[in-house]
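The values are calculated or read from the model by the stated rules, or taken from the named source; none is laboratory data. None of these values were measured; they are calculated from a predicted model. No Cβ is skipped: glycine too gets one built from the backbone with ideal geometry, and neighbour counts run over all protein chains shown. Each accessible area value is taken on the protein alone, full model and side chains, heavy atoms only, with ligands, DNA and RNA left out. Shrake-Rupley method; radii C 1.70, N 1.55, O 1.52, S 1.80 Å.
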Amino acid sequence: MNNFLLAFFFLSIFAWYLSFLATRLNRLHHRVETSWANLDGLLQRRAAVAIEIARSEISDPAASLLLTFAAHQAREATVRDRSQAETGLTGALGILIENSADTQNPLEQELLLELKDLTAKIKVAIAMHVESVTRTQMVRKKLFIRLFRLAGSAPEPVTYEFEGDVF
Amino acid sequence: MPLSKKRIGIVCPYGWDTPGGVKSHIGDLAEYLIAQGHTVSVLAPSSSDENLPSYVTSAGRPISIAYNGAVARLLFGPVAFSRVKSWIADGNFDVLHLHEPAIPSISLLACWAAEGPMVGTFHAASARKKIAFAITPFVEPVIEKLNARIAVSEAARETLRIHLDTDAMVVPNGIYADRFADASVDSRWSGNTMGFIGRFEEYRKGLSVLIEALPQILRRIPDIRILIAGPGDPESFLAKLEPHLRNRFTFLGTISESDKANFMASVGIYVAPNTGGESFGIILAEALAAGASVLASDIPAFDSLLGGGAYGTLFASENAADLADKAIALLEDPERRRAVSHKGHDYAQSFDWDVVAERIYDVYEMAMVGGRGVTLASDNRAWNRLLGRSNE
């Protein structure tokens, strides 16, 4: 009888531990989703600003064409091509910023300021996303989580290549 | 930028009635956010409910514990835990901001109890004091819940990376730069003077290094005066000095905030010979904002705050001869002093609350994406839901 109670006790502790692990993993998956949603939103806004800049006087016709193309690509890219498209847009914007240091038009200054602000936020958002992904990957490697398939059918989260770029 | 007012909960781990860097950082941040129209509630341990600002809720009486090389006034335990939980349940917050959540404190308890958007700020920076993070296996799953981590300096970020294996973004501590920029020069303190602010009796503040350097400075600059502001007993301090050095010292005692700004704007050199134990060095940012010419030891926090020497002069820590050389060079070259302190003054604007608090708020916004708000973790547990104990 005592043995039975003891076994029951340990079993419930173990069940509690598994439920704890599952909650923990679920929370991490949620964090990955929200941090990606945040980053995605900021990237969309950056593409929109890029198109605005392309239409303005800041960029010469050639740069405008390049920028519009890169921005549209970033907006319409599928998940697989997203990374390359964002890298392209980062590059196009980088060239533009370098060449447009002295604009006087207040509207254009505002656009550039908004771009600068967005770039800073994107850096933070990337850091948050990368952190949550690496943390989730680490926890998913735990023995009990693999053994009891606590990750369920949730796909393994990944970071994108463009996130390693230095802005 | 869309103006939406949020409900923000901030947890301070240290006793509200003891002065300290973390506490004043939280107080300033809360007041800034309130001025922006947000609703802010700060939960902090406190000995009494009297004299608390209206935005602070007491979590109970703190206990003094020797922790992390100093006596910390912390609070934890079942009573504190239930207070933390009811604060979270009543607060209905959009985001929680937990300070120093990796040490056993109400910050850690709040992180444990809450579910939803959370941001953590890490202040401590120390490679040696392993004990601070000895509880890592217990802390890790809790810290994991934070949507974003902020470190106040590169040193704090490095500490976090070593001990908790997690990265953080660096957002510095804030100052009210305007208050220091408006400072005026007081003739009592100007001239060939070196100013020092702090508890001068503490070894880590490094005043002994300055004293060791003084004879060498005196030989070149006979009218040098050392002005010291801060709590402590000057008599017993002076008694230890050689007689011919004694009359070079002036003690001002503890000075008010506005006097502090004038003091920093007036002195020939503001000197910070600290030997260690600084995680940020907010006082140097304030001195720069007041337009002071800063001479500081090259400990990591000061080195990074002064941009490796671009905005002030660094000397080898605990090296009196080097301190003396640098001080003499500065005092004999007012032109250079002016040039560097002018640059430092502009640079100090990046520590202004207008910049720093906006950056912190940006992080809040990113953590709040999805907008679920903060709830109690226990409400979401399956068995509580089954028993109908959920609030929803």
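Listing for the model above:
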{"read-out": "Meets criteria (without any contact (Cβ under 8 Å) to a residue 24 or more places away in the chain, surrounded by fewer than 23 Cβ atoms within 10 Å (Cβ to Cβ) and more than 14 Å from every other protein chain (Cβ to nearest Cβ)) for residue B:202", "value": "yes"}
{"read-out": "Filtered residue count, the stretch A:104-156, keeping only those that are touching a helix residue (DSSP H, G or I) at 6+ places or on another chain (Cβ under 7 Å), within 14 Å of another protein chain (Cβ to nearest Cβ) and either under 23 Å from residue A:81 (Cα atoms) or of a type in the set (Ser, Thr, Tyr) (or both)", "value": "12"}
{"read-out": "Residue check, residue A:94 at pLDDT below 90, surrounded by 15 or more Cβ atoms within 10 Å (Cβ to Cβ) and more than 14 Å from chain B (Cβ to nearest Cβ)", "value": "no"}
{"read-out": "Residue check for residue A:63: surrounded by fewer than 19 Cβ atoms within 10 Å (Cβ to Cβ), outside any helix (DSSP H, G or I), more than 14 Å from chain B (Cβ to nearest Cβ) and touching a helix residue (DSSP H, G or I) at 6+ places or on another chain (Cβ under 9 Å)", "value": "no"}
{"read-out": "Residue tally, condition within 11 Å of another protein chain (Cβ to nearest Cβ) and more than 24 Å from residue A:122 (Cβ to Cβ), over the stretch B:146-180", "value": "2"}
{"read-out": "Members of the stretch B:115-143 found to be open to solvent by less than 30 Å² (accessible area, probe 1.4 Å) and modelled with pLDDT of 90 or more, listed by number", "value": "B:116, B:117, B:118, B:119, B:120, B:121, B:122"}
{"read-out": "Scan of the stretch A:35-47 for residues that are in contact with a helix residue (DSSP H, G or I) (Cβ under 8 Å, 6 or more places away or on another chain) and open to solvent by 20 Å² or more (accessible area, probe 1.4 Å), ordered by number", "value": "A:36, A:44, A:45"}
{"read-out": "Failed item in (1) out of contact with any Phe, Trp or Tyr (no Cβ under 8 Å at 6 or more places or on another chain); (2) over 30 Å from residue A:110 (Cα atoms); (3) open to solvent by less than 40 Å² (accessible area, probe 1.4 Å), with residue B:38 passing the rest", "value": "(2)"}
{"read-out": "Breaking point among (1) in contact with a strand residue (DSSP E or B) (Cβ under 9 Å, 6 or more places away or on another chain); (2) assigned to a helix (DSSP H, G or I), for residue B:252", "value": "(2)"}
{"read-out": "Count of the stretch A:124-167 residues which are among the acidic types (Asp, Glu) and loosely packed, with under 15 Cβ neighbours inside 10 Å", "value": "3"}
{"read-out": "Verdict on residue A:22 being more than 14 Å from chain B (Cβ to nearest Cβ) and of a type in the set (Gly, Ala, Ser)", "value": "no"}
{"read-out": "Output for the stretch A:25-48, where each listed residue is more than 14 Å from chain B (Cβ to nearest Cβ) and in contact (Cβ under 8 Å) with a residue 40 or more places away in the chain", "value": "A:46, A:47"}
{"read-out": "Check on residue B:150, closer than 24 Å to residue B:113 by Cα, modelled with pLDDT of 90 or more and either touching a strand residue (DSSP E or B) at 6+ places or on another chain (Cβ under 8 Å) or crowded, with 18+ Cβ neighbours inside 10 Å (or both)", "value": "yes"}
{"read-out": "Yes/no for residue A:51 being farther than 20 Å from residue A:149 by Cβ and open to solvent by 80 Å² or more (accessible area, probe 1.4 Å)", "value": "no"}
{"read-out": "Residue B:266 more than 23 Å from residue B:317 (Cβ to Cβ) and in contact with an Asp or Glu (Cβ under 6 Å, 6 or more places away or on another chain)", "value": "yes"}
{"read-out": "Matching strands (runs of 3 or more DSSP E) fully within the stretch B:1-92 where at least 1 residues are in contact with a Leu (Cβ under 6 Å, 6 or more places away or on another chain) and hydroxyl-bearing (Ser, Thr, Tyr)", "value": "B:56-58"}
{"read-out": "Hits in the stretch B:207-242 (condition: within 13 Å of residue B:192 (Cβ to Cβ) and part of a strand (DSSP E or B))", "value": "B:225, B:226, B:227"}
{"read-out": "Test: residue in the stretch A:66-82 that is touching a residue at least 60 places away in the same chain (Cβ under 8 Å), under 21 Å from residue A:131 (Cα atoms), more than 14 Å from chain B (Cβ to nearest Cβ) and open to solvent by less than 60 Å² (accessible area, probe 1.4 Å)", "value": "yes"}
{"read-out": "Any hit, the stretch B:255-276, residues being surrounded by 15 or more Cβ atoms within 10 Å (Cβ to Cβ), of a type in the set (S, T, N, Q) and over 24 Å from residue B:170 (Cα atoms)", "value": "yes"}
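Here's the yes/no breakdown for (1) over 18 Å from the mean Cα position of the chain (by Cα); (2) over 22 Å from residue B:181 (Cα atoms); (3) not hydrophobic (A, V, I, L, M, F, W, C):
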{"position": "B:237", "(1), (2), (3)": "yes, yes, no"}
{"position": "B:249", "(1), (2), (3)": "yes, yes, no"}
{"position": "B:277", "(1), (2), (3)": "no, yes, yes"}
{"position": "B:286", "(1), (2), (3)": "no, no, yes"}
{"position": "B:303", "(1), (2), (3)": "no, yes, yes"}
{"position": "B:316", "(1), (2), (3)": "yes, yes, no"}
{"position": "B:320", "(1), (2), (3)": "yes, yes, no"}
{"position": "B:323", "(1), (2), (3)": "yes, yes, no"}
